[in-house]
Structure formats: structure tokens, C-alpha cells
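Right, one structure below, let's go through it.
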Amino acid sequence: MVKEKVLDYANKISRTKRGAKDEIKPEYPEYRILEPVVTEEMAEVGLCLELRVPQSAAEVAAKCGKSVEETEKLLWELAMAGAAFVNKIDGVDKYWHEIWVPGHMEMMVNNKENVRKYPVIAECFDLYGKRRGPMGAGKFPVGLGPMRVIPIEKAIQGETRRASYEEVSKYLNDNTVFSVSDCSCRTSRAALGEGCGHLKEDMCIQMGHAAEYYIRTGRGRAITREEAFEIIRRAEENGLMHSIPNLDGEGKTHAICNCCGCGCFAMRLANAWTNPDIVRSNYVSKVDAEKCVACGECVENCPTNALKLGKKLCAEAPLKIIRRELPYDTEWGPDKWNYEYRTNRRVVLDSGSSPCKAECPAHIGIQGYIKLASQGKYREALELIKKENPFPAVCGRICPRKCESACTRGDLDDPVAIDEIKKFIAEQDLDAKYRYVPRKRHEYGKKIAVVGAGPSGLSCAFFLAQDGYKVTVFEREKTLGGMLALGIPAFRLEKDVVAAEIDVLRELGVEFKTGVEVGKDVSLAELRRQGFEAFYLAIGARAGRKLGLEGESAEGVMTGVDFLRRVNLGEVVRLPARVVVIGGGNVAIDVARTAKRVGGDAVTMLCLESRPEMPALPEEIDEALAEGIVIDNSWGPKRIIVEDGRVTGVEFKKCVSAFDAEKRFNPRYDETVTKVVEADCVLLSVGQTIEWGGLLADSKVELNRNGTVKADPFTLQTAEPDVFAGGDALTGPKFAIDAIALGKEAAISIHRFVQPGQSLVLGRIKRDYRAFDKSGLDLGGYDRMPRQSAGHAASGGDAFRDPRGTFTEEQVKKETERCLSCGATVVDEFMCLGCGACTLKCKFDAISLVRKYDKAGKDLPEVKPEVVKYVLKRTVRIALKKPVKALRAAFSRASN
């Protein structure tokens, strides 16, 4: 049954009446938000309140015919519910009502107890915006919206035309009473299960009369001015922006919100309805393309997706510029909106951007750290790398260098030696005195278990630890590092390098438990009982794969990864003279080169692929050949020859082709062509498998036919909601950098999972970086500086010492100059709100705020006439534009 007086009160707050064209109906959120917490008696006194006109209980009692005592009680209940304001003025409590937003919607959502009891309150705040947002699309001039972005103050300090009302410090210095509360928008989102991962706690600052109200009604806690400045600083550090209620008059406001574009309802006005004028500041971002290095930090932090990566190298044929329609003179309906903005965010223009960033599985800002290295800012370069990759020193030694394969410089002469530059930068990580340990952003404190201390598990732990989670990594081996420590020989990756970078995780508070096999020594169920709230399964593909050949179980036959593990664990391994390695990948190369170092005088590799088709990297093949290893291509094993239980050789058959016409692995053999290769030892290096053991016992987690785990490819969540999986356990054997990238994504998902009301996908960036088409580039006029080479150092008699050198600082300077810096950020000035978050993320002084508008906020009564005037002018512009369109269309038809 409809509460009639409550419905009347909803209409009063909406500044309309029952029966009017724009009346509030019972199904509208304005009524539904009041209905569960406002009684008819409360609404009766509420109907005697005035908009922003404070009245005492005695004054209201005289209007409504109730006693002062009863009126006072009902008014206080309205204030507690958030349906009325209260302040002590001249020693007397005085009450008034506000507008819905910014106003009662936020106040009602900030009553935590009521939202818990009646989730419809949070739902109605969301629905109010969805109902009213389209009504204002294109109809508000700059500076007159209900909320207004205020720039990060540091971003406009160099702007001589800035006004005091554009500075956060002005509002904090103008007030003496402050409170902080949860963000009402994020509270609403979380109650609906639609949170974006930005949490609500202690986000919004109230000042003056709003602070008094929030403190007295328990919505916020009192803070000092210094604490308010610290909240602002921390918000900016975490990539948030500021907005303020904009209807208090020029230079006045009662709150400062620390917003994100993916959760804030005010920013939704800009994003969902492509209507930025309603909330924008007077500023827009400008990019200095010469300084910009397309690192992407600004792009991923922009609240309206106004920034995207593009290219700055010239094309032989200039791109055609398409002029976009704008709401100033265009009807602005659903065809212009972007209602799915929380899931369709783009990081790069259709034309693409830097190939190096696009091809790197972790999408590291490669141009960025090259530029910083060129300036001698090695610590800043290391910090930029570690935003995506916690193990740059490791990857500097074993990375497949997909970035270099795609490098635009390679179309001119030789690719930039990106990996060598990274390796030089990362040398700092090997010295505890100079290494970069990120500062913790939060202290969330929840317990998370990571199963497997390989690159993916360690990466996940690294990023979770930065948010203050209590991460425990469980590793079945006594050694940390997974395949980094046990599957890669020391002459490619020395173990002190792995240990040094793992030490950073210890400094972040990550706990390690080695020699513990989850599923055998402890179960997932037991860990849940110990308080662990989520799990990341990153056990890798640690077991070697066999081929099912005749004689495979003979003495002297083992898998390559088992062989490498034994050597890396320090076991005394001496191989006989004649060793056959079956396989043609990077691991097979490692196996063969290791065999050469532990007794294998005559080591022969045989693989199905031809030399150009071998999956091993060309430089790895060259190093194997240089060590005297024989590589015999296009042969597949037929059987292992055994005498008295011991291997004596392998019979091979000729492989005619390893791949079919679609480049799928599908070997064909000529069975009539065979040969026998004598051997005292056979090492099978033809792939790896995953050993799950009892880890998934009594679990809903499912496996694919190849033994990999089934999980959502974006969120990495398995069929067991609190279990996530990544690395080789998900993808099958890949490179360390692929596993590292998945570890970060897992950390994002786990953070969202363990925090109430957060969605795993909404507001989450899909890092779909794509390279531009290099075929049309004009690369004439560039220098021909030769690529630097690090060379090799003497091993000093230690066959397992990494002989590869590192660039000198002079070489780094020369090599960084070779980068063409082919990508840059591009600004959509229409969608840019001028918040300044991008300027704080840029380390290159490449992006700044420029004052484009000169509009101050106005007091509420002054707004409507201005909006009406703007709407009338806009209507005329739209009407005048239509005939022009019609004439152009007719002319076009006539021309054709």
C-alpha cells in the first residue's frame, strides 16, 4: 500500500506536486527510497520543511499542529534516516530538506544500518541516476551541473589563470569542521554486487554544516584538517580524482568526493550518457607528443576513457580525420550513449600503438623505461617496470623478447636491445641497498593462499601484498622459484638473481612455507578453516611428458625437466658420454647444454621440426651449436633400443613435415626412411604436464583433457568461487612473462572477490593493446646507429656461471637513443573532464591541464534560468543544423 504522505514528501523534495506532468509516482526511486524508513508521521512533519531554510522544531510544530516534543522526535528520525538535514544554529537544532542529488540520496545511503536492512535504499540511489541521467544528456552548460570535477591542485599550479574555487586547499582552509564517510556511490554499487574494486571506506570528506550533520548522525567520523589533506593525498596517489557538490554558490561547497570513473554516479553522467559537460572542470588535458612515451599509465587511470594510446610516427599517407558529433548542436539520444562503459573501455585507438607494449604479455611501458634509462633515472625506470613485472632481473635473462621481435626499429635496421636495457636497470634489484620495494597502498589484511612459488604465484603474491593482504605462499619443494629455480640452468639464470627478487616479496610481508604440498600435507578445506579467504593455484607444469615409446622405461631414459631439477637441486649427476636429447624447444636446448656440462661429451638433439620451424629461440640454437651440440632436424623417435634393461640407442623415422597448411602441429612421416642413433642416455624434452596430486580433492574445480585447469580466461576464477588459477596450470607450458602477467590479473580478481559486493569484471580494464600497422610508415631520415652488444665474460672455469655480460652505462645511453618512440597518448578533449589524474601518473612531464573554460558554480536558485536559456539556444542550433544536413545529402546525391 502506498504511503500517501511519504509520496507527497518525495514530490516536495523533487520540487513538484502530485498530478503535475513531472510528478513522482510510487514506482519511482524517489518514493521507494523513503518508503522503508519514513513513516507517514515523519513525512507529515517533513512536508513542513523548506528547501535549505533552517527551521526549529517549534517552528515546524506550529505548521503541522503537533507538539514540539513529538515534532522534535520525528524530525530527528527524519535526519537519522537521511531525509532531512539538521544543524545546531545559535544553540538550537534546526532542520531543512535538500535536493535529491547531491543531497538526500547520499545521506540515506550513508546510513549503514538502514542499507543493511533495506538494500532497496542503495538500489534506488542507482536507479535515480539511471532515471534522471538521460533527461540531462546534452542539456547542461559547462559549470552548472549538480556535481563538478575539481582538478588535482598540483596539476594546475603552473596555470596563471586558475581561480581559487578550482583549488582543493581553498575549501579545506575555508572550513574548521571536517568529517569523513564511506563513498555513497560505491556503497550503492557494492550493495548491488556491482563494485569496481575501488572500496568505499573513508573516501568522502564533508565540511562545515555537512560535517556537523554527518558526525552527529553517525554517518561519518570527525577528522582534523590535516587528516583531510592526508585523505586527499592518498586518494590522488591511488589514482582517484576529486569532485564537489556544485550548487552552493561560487567558491562554496560542503563536500569533497574522491571518485573513480568506474564507480562514481556523477562520473556516470559523463560516461554512460556521453555527457561530460555536466560534471567537467574548466580544464582539459594536453599531451606533448614529443615528450610522451606511450607508457599507458595515464590511459589506464583516466576516469572517462578520454585518453588512448596511438602512434606518432608519420605514415606515408595521412589518416583521414573524422569529425565527431557533439551535443552542443546535435540531438543526444541513446545512439550517442555508452551505457556499457564499465565493460567496453578501450586502451588504444583503432589504428594501434607501440608494437613493443602490445606484444609484451605483461604490457610493460617499454618506451617509458627506455626513456627514463636514457635520462639516468634508473630507479624510476625500475619502478615503472615493476608496475607490471615484479621480476625484471629474472626476465632480463630469460625473456623471449617478443617486444624486440615486434620493434619498429627492426624494420629500419636492428631492433632496440630492449631486454639488455631492462637487465641493466634491474641490476639494482640484486643489491638490497638499492632495490625498489613498492610502498603498500592499503592494509586490507585478509588472508590469501598462493599454491606454487613459481613466477605466476610469486607475481600474484607481490601485487596482493602491495594492497596489504596477508599472503602465504605454499611450495612443495624446499626451494622457491618454481621452474625459475629448478627448470632453468644457472648458466642462463643464476639462482642468486631469483633469490634477490623474491626477497622483495619478503620485505612486503609475504610468508613462505616450503616443503608443504597442498592436497597432501594440508587440504584447501583445512586452509579455509584457518581463515584463508581465496586461493591462487599456480603449480606450474613441473612434470616431464613421455611419448609412450617402446623402451621408454629403460635405465638411462628420463625426462628433461626431471634431469634439470636434479641438477638445480645440487644432486651429483654425471651422464655417460653419448647423450640424445629428443625435442626442439627452449627447454630441450637447456637440457642439451646442461648435459654437455655434466659428462655428455657427444650430445645430439633430434626434433621433428626443420631448423627454421624449431620453437627454440634462434639465439638459443646458436649458443647450443657454439658449444658443440649437434642438432639433427626433421626426425621423430620410433622406439628406444634397449639391451639388458639399459638404453643403447634410439631409432628415428624421417619427418616429412611438422605442420599442416594451417600451421597447426600435425607431423607426417616417411616410415621407409629410418636411422639409429647410438646413446647411453636419452633425455625426453617434448613438453610438460601438470601434477595435481590431491590438490583438487573434494573440489568443484574441473580439468581439461590436457590436464590444465578450467577457469574464466579473463577473471581466472574456477568452478570453485574462491579458487583462481593461472600460469602454466591454466595455459599449459608458456614463458615466465606470460605466467607473471596472469599473476597480476589473479591478484586483481582475488582483491575483488574477497571484498564484499565487488564484481570481477565491472570497471575492469581489458588490456587489449594492439600494434599499429607498420607497412605504411615513413621511416626515412632516421639514423643508422648500430645495436649495442653486451658480449660474454670469461666463465672462470665455472661451467654453470652465466657468461653473458651486461651493458655498461655508456652502452645504455647509446642504445636508448635508438628507440624511435613510436607511440603516444591521444586526448579526446570532449570526454576529458580535466581532473588531472593523468598528470600525476606521468613521469615525463608530457601531459598537463590547460584552462579551456571559465565557468564557476552557482547557487541552486540561479541554476535553472541558466539551464533553460542554454537549452533554448541549443534547440535553435539543432534546428538550424538540420536543413544544412539535408542540403548536403541532396548535393551528394546530385553529385553521384
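Looking only at helices (runs of 4 or more DSSP H) that lie completely in the stretch 2-66, which have at least 2 residues being without any contact (Cβ under 8 Å) to a residue 60 or more places away in the chain and surrounded by 17 or more Cβ atoms within 10 Å (Cβ to Cβ)?
Details: elements: 4-13, 29-32, 40-46, 57-64.
Output list reads 4-13, 40-46, 57-64.
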Checking the condition closer than 24 Å to A711 by Cα, more than 28 Å from the chain's Cα centre (by Cα) and open to solvent by 50 Å² or more (accessible area, probe 1.4 Å), which residue from K478, K495, K520 passes? K520
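Would you confirm whether or not the stretch 333-346 contains a residue that is within 21 Å of L820 (Cβ to Cβ) and in contact with a strand residue (DSSP E or B) (Cβ under 7 Å, 6 or more places away or on another chain)?
Within the stretch 333-346, not a single residue is within 21 Å of L820 (Cβ to Cβ) and in contact with a strand residue (DSSP E or B) (Cβ under 7 Å, 6 or more places away or on another chain).
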Would you check if S685 is open to solvent by less than 60 Å² (accessible area, probe 1.4 Å), closer than 30 Å to L537 by Cα and modelled with pLDDT of 95 or more? yes
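Please list, ordered by residue number, the strands (runs of 3 or more DSSP E) wholly in the stretch 624-732 having 1 or more residues that are closer than 28 Å to P612 by Cα.
Values: elements: 630-633, 635-643, 646-659, 665-678, 681-684, 723-725.
Correct list: 630-633, 635-643, 646-659, 665-678, 681-684.
Answer yes if at least one residue in the stretch 163-185 is of a type in the set (A, V, I, L, M), touching an Asp or Glu at 6+ places or on another chain (Cβ under 7 Å), closer than 21 Å to N301 by Cα and crowded, with 16+ Cβ neighbours inside 10 Å, and no otherwise. If you could, list the steps in order and put the result at the bottom.
Going residue by residue through the stretch 163-185, those that are of a type in the set (A, V, I, L, M) are 163, 168, 172, 177, 180.
Cutting the leftovers down to touching an Asp or Glu at 6+ places or on another chain (Cβ under 7 Å) gives us 168, 177, 180.
This time we only want the ones that are closer than 21 Å to N301 by Cα, so: 168.
Applying the additional criterion that residues be crowded, with 16+ Cβ neighbours inside 10 Å yields 168.
Yes, some residue in the stretch 163-185 is of a type in the set (A, V, I, L, M), touching an Asp or Glu at 6+ places or on another chain (Cβ under 7 Å), closer than 21 Å to N301 by Cα and crowded, with 16+ Cβ neighbours inside 10 Å.
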Of the residues in the stretch 688-705, those that are open to solvent by 60 Å² or more (accessible area, probe 1.4 Å) and over 16 Å from A541 (Cα atoms) come to A697, D698, K700, E702
Which fully enclosed helices (runs of 4 or more DSSP H) of the stretch 418-496 have 2 or more residues being of a type in the set (F, W, Y)? 455-466
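When only residues in the stretch 804-855 that are among the aliphatic types (A, V, I, L, M) and in contact with a Ser or Thr (Cβ under 7 Å, 6 or more places away or on another chain) count, which is farthest from I150 (Cα to Cα)?
Within the stretch 804-855, the first condition is being among the aliphatic types (A, V, I, L, M), and the residues that meet it are 812, 820, 824, 826-827, 831, 833, 837, 840, 846-847, 849-850.
Remaining after also requiring in contact with a Ser or Thr (Cβ under 7 Å, 6 or more places away or on another chain): 820, 827, 831, 833, 847, 849.
On the way: L820: 36, V827: 19, M831: 15, L833: 9, I847: 17, L849: 12 Å.
So the residue we want is L820.
Is it true that some residue in the stretch 268-287 is open to solvent by 20 Å² or more (accessible area, probe 1.4 Å), part of a helix (DSSP H, G or I) and not charged (D, E, K, R)? I'd like the intermediate steps shown before the answer.
Going residue by residue through the stretch 268-287, those that are open to solvent by 20 Å² or more (accessible area, probe 1.4 Å) are 269, 286-287.
Among the residues that remain, those that are also part of a helix (DSSP H, G or I) are: 269.
Right, trim to not charged (D, E, K, R) and you get 269.
Among the residues of the stretch 268-287, at least one is open to solvent by 20 Å² or more (accessible area, probe 1.4 Å), part of a helix (DSSP H, G or I) and not charged (D, E, K, R), which makes the answer yes.
When you look at V579, is it assigned to a helix (DSSP H, G or I), among the β-branched types (V, I, T) and either out of contact with any Lys or Arg (no Cβ under 6 Å at 6 or more places or on another chain) or surrounded by 15 or more Cβ atoms within 10 Å (Cβ to Cβ) (or both), yes or no? Don't jump to the end; show me each part of the working.
On the way: assigned to a helix (DSSP H, G or I): no; among the β-branched types (V, I, T): yes; either out of contact with any Lys or Arg (no Cβ under 6 Å at 6 or more places or on another chain) or surrounded by 15 or more Cβ atoms within 10 Å (Cβ to Cβ) (or both): yes.
Criteria not met by V579.
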Go through the stretch 801-819 and count every residue that is open to solvent by less than 20 Å² (accessible area, probe 1.4 Å) and under 30 Å from R346 (Cα atoms). 2
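I'd like to know if the stretch 105-118 contains one or more residues that are part of a loop (DSSP other than H, G, I, E, B) and among the basic types (K, R).
First, the residues of the stretch 105-118 that are part of a loop (DSSP other than H, G, I, E, B): 110-111, 118.
Next cut, among the basic types (K, R) only: none.
No - not one qualifying residue is present in the stretch 105-118.
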When the stretch 188-219 is checked residue by residue, the ones that are farther than 17 Å from K88 by Cα and either among the hydrophobic types (A, V, I, L, M, F, W, C) or open to solvent by less than 20 Å² (accessible area, probe 1.4 Å) (or both) are S188, R189, A190, A191, L192, G195, C196, G197, L199, M203, C204, I205
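Looking at this structure, is V761 open to solvent by 30 Å² or more (accessible area, probe 1.4 Å), of a type in the set (A, V, I, L, M, F, W, C) and part of a loop (DSSP other than H, G, I, E, B)?
Numbers: open to solvent by 30 Å² or more (accessible area, probe 1.4 Å): yes; of a type in the set (A, V, I, L, M, F, W, C): yes; part of a loop (DSSP other than H, G, I, E, B): yes.
Yes: the conditions hold for V761.
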Do the conditions hold for L78, that is, is it outside any loop (DSSP other than H, G, I, E, B), within 23 Å of H254 (Cα to Cα) and in contact with a helix residue (DSSP H, G or I) (Cβ under 8 Å, 6 or more places away or on another chain)? yes
Exactly one condition in (1) touching a Lys or Arg at 6+ places or on another chain (Cβ under 9 Å); (2) in a strand (DSSP E or B) is not met by Y95; state its number. (1)
Which pairs turn up if I take residues in the stretch 375-390 that are touching a residue at least 24 places away in the same chain (Cβ under 8 Å) and open to solvent by less than 10 Å² (accessible area, probe 1.4 Å) and look for partners that are of a type in the set (S, T, Y) and assigned to a loop (DSSP other than H, G, I, E, B) with beta carbon separation below 7 Å, at least 6 apart in sequence or on another chain? L382/Y436; K386/Y436
Looking only at the stretch 452-474, decide whether some residue is closer than 30 Å to I690 by Cα, within 26 Å of the chain's Cα centre (by Cα) and open to solvent by 50 Å² or more (accessible area, probe 1.4 Å). yes
Sort through C257, C292 and tell me the only one that's touching a residue at least 24 places away in the same chain (Cβ under 8 Å), open to solvent by 20 Å² or more (accessible area, probe 1.4 Å) and over 20 Å from the mean Cα position of the chain (by Cα). C257
Could you please give the count of residues in the stretch 506-526 that are closer than 22 Å to R441 by Cα, part of a loop (DSSP other than H, G, I, E, B) and out of contact with any strand residue (DSSP E or B) (no Cβ under 9 Å at 6 or more places or on another chain)? 0
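Being free of Cβ contacts under 8 Å to residues at least 40 places away in the same chain, open to solvent by 30 Å² or more (accessible area, probe 1.4 Å) and in contact with a Pro (Cβ under 6 Å, 6 or more places away or on another chain): is that true of A793 here?
Details: free of Cβ contacts under 8 Å to residues at least 40 places away in the same chain: yes; open to solvent by 30 Å² or more (accessible area, probe 1.4 Å): yes; in contact with a Pro (Cβ under 6 Å, 6 or more places away or on another chain): yes.
Yes.
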How many residues are touching a Lys or Arg at 6+ places or on another chain (Cβ under 7 Å) and of a type in the set (V, I, T) if we restrict to the stretch 714-747? 1
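The values are calculated or read from the model by the stated rules, or taken from the named source; none is laboratory data. Keep in mind it's a predicted model, so treat the numbers as computed, not measured. Positions of Cβ are backbone-derived with ideal geometry, glycine not excepted, and every protein chain shown enters the neighbour counts. To get the accessible areas, we keep the full protein, side chains included, count just its heavy atoms, and leave off ligands, DNA and RNA. Shrake-Rupley method; radii C 1.70, N 1.55, O 1.52, S 1.80 Å.
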